[in-house]
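One structure below.
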Amino acid sequence: MKISSTNYFSCLFFQCLLLFVYVNSFEEQKNVKKSEFPDGFLFGTTTSAYQIEGAVLEDGKGLSNWDVFSHTKGRINNGDTGDVADDHYHRFQEDVELMHSIGLNSYRFSISWSRVLPRGRFGKVNFAGVTFYNKLIDSLLLKGIAPFVTLNHHDHPHELEEKYGGWLNPVMQEEFSYFAQICFESFGDRVKYWTTINEPNMFAEMAYVRGVYPPARCSAPFGNCSAGNSDTEPLVAMHNMLLAHAKAAKLYREHFQPKHGGLIGIVVHSFMYKPLRNNDFDRDAANRAVLFTAAWVFDPLVHGDYPPEMRKYLLDALPRFTSDERKLIKDSIDFMGINHYGTLYAKDCIYSSCVCSNSSCIAGGDHPIHGYLITLAEKDGVSIGEPTGMSRFFVVPNGMEEIVDYMKKRYHNKPMFVTENGYASLNPTTAQADELQHDTKRVEFHKSYLASLARAIRKGADVRGYFIWSLMDNFEWTSGYDLKFGLYYVDRATLDRVPKLSAKWYTHFLTNNSLNGEETGKLITFKYSSQANHLSDK
């Protein structure tokens, strides 16, 4: 075939243009700088109580739902539990030193409900638990690290599950409100950032749709549980969690915010979604996917009710707010917390058949609970992005910019924090040296997602912080200790914390120190002696 000189140079120009765009994109990722973010921007890491604390029944702590669940045979990989976890309860001062050595100015953690109120509102406050969090908060502030506190991160006293049936019972609203009050009274003078519930949408999905989190309730085709209804129970649980949030927020705003000047919000798990096919059906499905996940939480708390599309498909299965409840929940957040880990394709199941054929797809697309759609990570056998150690987490950096832009538009640019963003090791059983020292994919992940976030901010999004999940490898729920998200590796035999390349990169990013050679910032590796309770540099 003969190619004209005009076509030849057109093709050459197009190839050069693509190369220019690629190189510039790579350079933007490579060169993303802290200075691209606003003054006062929070850079931190995130953990949660059950995943790191350990000390399962120490100093008056009661059993939590996860304490019981993790000891149920077959629930957790390798029979792992959080009984010891990372032993943060005893090593918190070491861990604060690690954060300080990285250069963090904030740390997001959660409070164990069962450590503060082992039996809920009808039991006594466990002052040993309150003392622990007071010491942690004071240690953070001493190092210039702002505490960013989550009240509930999937765990609550097991007794509330036995007595009331957990979040399926409206009484949990009062239980949570009382727990929040104790925390506001105990820590509110020093904590300026509060989130009530972490990922209520994910908890409803995992606990009441798929049944893989406690209380493990579900129905076919979503899972195989002894009891539950995947079509209705997650809606009831969410309804109670939203009202619990609103009551706690009202309490905070009326009695504590005027004195302490803090902010209160909530955190959602939020993928971004792209249409699988280039047609209106899948474009609508991609929009519904966000509505049935993130907007399920944010719409009521900003606008005062669930998204209309949810009512359209769920009908009377979706609970209704009374007029008083709508007033209570509307505008009940000062900011939105966004946990973002990746992007998926969405396929409509109303006008076409949906069959799950790969591990990234969840059954039940023909049910209204998911909006009559399926989400998956492959198109024509090609993944939407580079895979990670999690079956549904794929590396799609521009998804960060897109989800932030979506939130900016739908919620009138309400302040946002990226409260979690992290990379799961693809092969957690590989040689220890690789995991400890050469997690280059995690470094590139965070650089590319930060670059994407910086673009969203330049376009006007009011984003005020970015938190990496996680400070250190920990108990990753049903995956136990197999998955690793941490900047620090935790040796399961000794519990020593060992910095990975990603920890050194984050230090470089935050302090502008060179990452070459030995100039990696003052990173500390701790050995711990139970005999002599002290720290020693390794």
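The values are calculated or read from the model by the stated rules, or taken from the named source; none is laboratory data. This is a predicted model, so every value here is computed, not measured. Note that each Cβ is placed from the backbone with ideal geometry, even for glycine, and that neighbours are counted across all protein chains shown. Only protein heavy atoms, including side chains, enter the accessible area calculation; ligands, DNA and RNA are left aside. Shrake-Rupley method; radii C 1.70, N 1.55, O 1.52, S 1.80 Å.
A few points about this structure:
Each row is one residue, and each column tells you yes or no for (1) open to solvent by 10 Å² or more (accessible area, probe 1.4 Å); (2) within 17 Å of Asp331 (Cα to Cα); (3) of a type in the set (Lys, Arg); (4) assigned to a loop (DSSP other than H, G, I, E, B).
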position: Ala237; (1), (2), (3), (4): no, no, no, no
position: Lys247; (1), (2), (3), (4): yes, yes, yes, no
position: Tyr252; (1), (2), (3), (4): no, yes, no, no
position: Tyr273; (1), (2), (3), (4): yes, no, no, no
position: Asp282; (1), (2), (3), (4): no, no, no, no
position: Arg288; (1), (2), (3), (4): yes, no, yes, no
position: Trp296; (1), (2), (3), (4): yes, yes, no, no
position: Asp299; (1), (2), (3), (4): no, yes, no, no
position: Asp305; (1), (2), (3), (4): yes, yes, no, yes
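- So Lys124, is it open to solvent by 20 Å² or more (accessible area, probe 1.4 Å) and without any contact (Cβ under 8 Å) to a residue 24 or more places away in the chain: yes
- Scanning the range 76-95 for residues that are under 21 Å from Leu142 (Cα atoms), under 22 Å from the mean Cα position of the chain (by Cα) and open to solvent by 10 Å² or more (accessible area, probe 1.4 Å) returns Tyr89, Phe92.
Listed here are the residues, each with its yes/no results for (1) modelled with pLDDT under 95; (2) among the β-branched types (Val, Ile, Thr); (3) open to solvent by 30 Å² or more (accessible area, probe 1.4 Å).
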site	(1), (2), (3)
Gly342	no, no, no
Val355	yes, yes, yes
Ala363	yes, no, yes
Met390	yes, no, yes
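- Spans of strands (runs of 3 or more DSSP E) in the range 462-538 with at least 3 residues surrounded by 15 or more Cβ atoms within 10 Å (Cβ to Cβ), under 16 Å from the mean Cα position of the chain (by Cα) and at pLDDT 60 or above: 463-469
- Residues in the range 137-190 that are of a type in the set (Val, Ile, Thr) and touching a Lys or Arg at 6+ places or on another chain (Cβ under 7 Å): Ile137, Thr150.
- Subset of the range 49-75 (residues that are within 11 Å of Ser114 (Cα to Cα), buried (at least 19 other Cβ atoms within 10 Å of the Cβ) and not acidic (Asp, Glu)): Ala49, Tyr50, Val56, Lys61, Gly62, Ser64, Asn65, Trp66
- The range 307-325, residues that are part of a loop (DSSP other than H, G, I, E, B) and under 20 Å from Glu233 (Cβ atoms): Pro307, Leu318, Pro319, Arg320, Phe321
- Scan of the range 201-246 for residues that are charged (D, E, K, R) and over 16 Å from Tyr164 (Cα atoms), ordered by number: Glu205, Arg210, Asp231
- Across the range 176-216, the qualifying residues are those that are acidic (Asp, Glu) and either assigned to a helix (DSSP H, G or I) or free of Cβ contacts under 8 Å to residues at least 24 places away in the same chain (or both), and the one among them that is surrounded by the fewest Cβ atoms within 10 Å (Cβ to Cβ) is Glu185.
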